[in-house]
Structures are given as structure tokens and as C-alpha cells.
């Protein structure tokens with residue numbers, strides 16, 4: 001998403017929101033986590049998506065994707081997931097997500113030809 005521009009960026013945003021809507025409607029339901037009351041592999045996998053999108057949003061100065069009014073179930077899931085001790089290291093295998101400095105992302109250093 002962070003290397004997209006103009007129409008391509010808008011298309012990427014739309015596709016991301018559609019994917020999140022599908023997860024909102026069919027993935028979580030009324031459960032605390034994807035598999036029920038405890039964290040599982042699907043939560044860890046989706047957690048990497050959440051943390052990655054949050055890093056990109058911060059780097060680009062974009063608004064929140066996971067707005068509570070738009071995705072109430074995902075918003076609740078994110079809150080539950082982040083309350084799990086070590087959810088960040090579970091996703092990234094490190095103690096910090098500072099491996100991708102926002103200034104490098106915003107500067108376009110990660111663009112590929």
C-alpha cells in the first residue's frame with residue numbers, strides 16, 4: 001500500500017476495506033478470537049496484518065482503517081488481541097516494531113522498481 005500512488009492507492013484502499021469487511025462479517029462473529037475464547041494461529045496471522053497496517057497508516061499519516069463504527073467486531077478483536085501478553089513479539093518475533101522507521105517508509109525508501 002505504501003508504494004501505491006493516485007488511482008492505484010485508492011484501489012488498494014478499497015480492496016483492503018472490502019477484505020476487512022469480509023473478516024468482520026464472516027471471520028470473527030461474536031467470538032473473542034477467531035477460534036473462540038483463546039488466541040490461535042489465525043489470530044497471530046491476522047495480527048501481523050493489523051500491526052502492518054497500523055505501521056503503514058502512521059508512516060503515511062492516513063486515518064485509522066479499523067474505525068470502531070465501521071468495524072465494531074474487528075475493533076473489539078484488536079483490543080482483545082493487544083491485551084494478550086507478548087502479542088507484538090508473537091507476530092514479529094521481536095520486542096519492538098521499530099524495525100520499520102516511519103521516516104524511511106514515508107520517504108519511499110521501500111519502493112521497488
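Against the list (1) modelled with pLDDT of 85 or more; (2) in a loop (DSSP other than H, G, I, E, B); (3) surrounded by 15 or more Cβ atoms within 10 Å (Cβ to Cβ), the condition residue 23 fails is (2). Residues that are at pLDDT 85 or above, more than 12 Å from the chain's Cα centre (by Cα) and crowded, with 18+ Cβ neighbours inside 10 Å within segment 34-88 comprise 34, 39, 71, listed in sequence order. Only residues that are part of a helix (DSSP H, G or I) and either over 15 Å from the mean Cα position of the chain (by Cα) or closer than 13 Å to residue 78 by Cβ (or both) were counted in segment 1-15, giving 6. The C-beta contact set for segment 27-52 (first residue more than 16 Å from residue 83 (Cα to Cα), second residue at pLDDT 85 or above and in a helix (DSSP H, G or I), distance under 7 angstrom, 6+ apart or interchain) comprises 28/73; 28/74; 28/77; 35/42. In the set (1) touching a helix residue (DSSP H, G or I) at 6+ places or on another chain (Cβ under 9 Å); (2) part of a helix (DSSP H, G or I); (3) at pLDDT 85 or above, the condition left unmet by residue 18 is number (1).
The values are calculated or read from the model by the stated rules, or taken from the named source; none is laboratory data. Just so we're clear, the structure is a prediction, and the values are computed from it rather than from any experiment. Cβ sites come from the backbone with ideal geometry, for glycine too, and all protein chains shown count toward neighbours.
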